[in-house]
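Have a look at the structure below before the remarks.
Coordinate-derived values only; no laboratory data. Values in this document were obtained by computation on a predicted structure and should not be read as measured data. Glycine also receives a Cβ, built like all others from the backbone with ideal geometry; neighbour counts cover every protein chain displayed.
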Amino acid sequence: MEPISTALAGFALFKSAVDGIKSAISTANDVGDIAGYIDNLFEGESQVQKKRNKKSGVGVGDQFGIKSVAQEIIDAKLAKEQMQEIASMVDMRFGHGTWAGIVAERAKRIQEAKEAAAVARRAAARKQKELEENIKTALIIVGVITVVIGLFFIMIVSMARAQQELMML
């Protein structure tokens, strides 16, 4: 049931964002006035696309049923139409290329976030490897110290026995 509710939430968020942009675009002084709606628009679209691509928890009959396929295609086309309509409205209100700039900046930021996450994963892996190496080194040192102490103890015991044997003679 969760994927269906996620998809419904995605569609609802998308539709709500479209309605919000349409109602606020005429009075917006700059793109910042509708930025929250645009964020919701992209987030709703993202949720819908993730659900559509994932199909987790949905039976084979539901995935390939005529109703499911038709609904997905129609929803995708409606979403595409509404995105084009919003793009035109934003460009008409704030100048040609504004929407393309928003989309390009969003793509750039997503890519930067992915790269930053990859750098963070590599750094975490490097730190984990360093930690493992430090633990190995510490264990080796503890092992060597234990062996040295053990040998020293054996040497002292052997010397004490040898001294006792000399005293018995």
- Can you tell which of Gln71, Ala28, Ile140 lies farthest toward the positive end of the dipole of the chain, using +1 and -1 charges on the Cβ of basic and acidic side chains (Lys, Arg; Asp, Glu)? Ile140
- Query: What net charge do the residues around Arg121 carry, taking every other residue with its C-beta under 14 Å from that of Arg121, with Lys and Arg at +1 and Asp and Glu at -1?
  - Reply: +4
- Query: How far, in degrees from 0 to 90, does helix 35-54 lean away from the longest principal axis of the Cα atoms of the chain, to the nearest 10?
  - Reply: 70 degrees
- Task: Note the angle between two axes, namely the Cα long axis of helix 2-24 and the longest principal axis of the Cα atoms of the chain, as a number of degrees from 0 to 90, rounded to the nearest 10.
- Result: 50 degrees
- Summed residue charge, Cβ within 12 Å of Ile21's Cβ, Lys/Arg positive, Asp/Glu negative: -1
- Just one of (1) 0.96; (2) 2.17; (3) 1.16 is Cα Rg over 2.2 N^0.38 Å as worked out from the coordinates here. Which one is it? (2)
- Query: Here are some pairs, Lys50/Lys108; Lys50/Lys127; Lys51/Lys129; Lys108/Lys129; Lys77/Lys108; which of them have Cα atoms lying more than 29 Å apart in this structure?
  - Reply: Lys50/Lys127; Lys51/Lys129; Lys108/Lys129
- So, over other residues within a Cβ distance under 11 Å of Thr98, counting Lys, Arg +1 and Asp, Glu -1, the net charge is -2
- Note on the structure: With -39,500 (n - 2.57) per DSSP H segment of 4 or more residues and division by the full residue count of the chain, the 222 nm estimate, nearest 500 deg cm²/dmol, is -31500 deg cm²/dmol
- Item | Estimated dipole of the range 92-140 in Debye, rounded to 20 [Cβ of Lys and Arg +1, of Asp and Glu -1, Cα centre] | 140 debye
- Query: Nearest 10 degrees, 0 to 90: what angle lies between the long axis of helix 66-94 and the longest principal axis of the chain (Cα atoms)?
  - Reply: 80 degrees
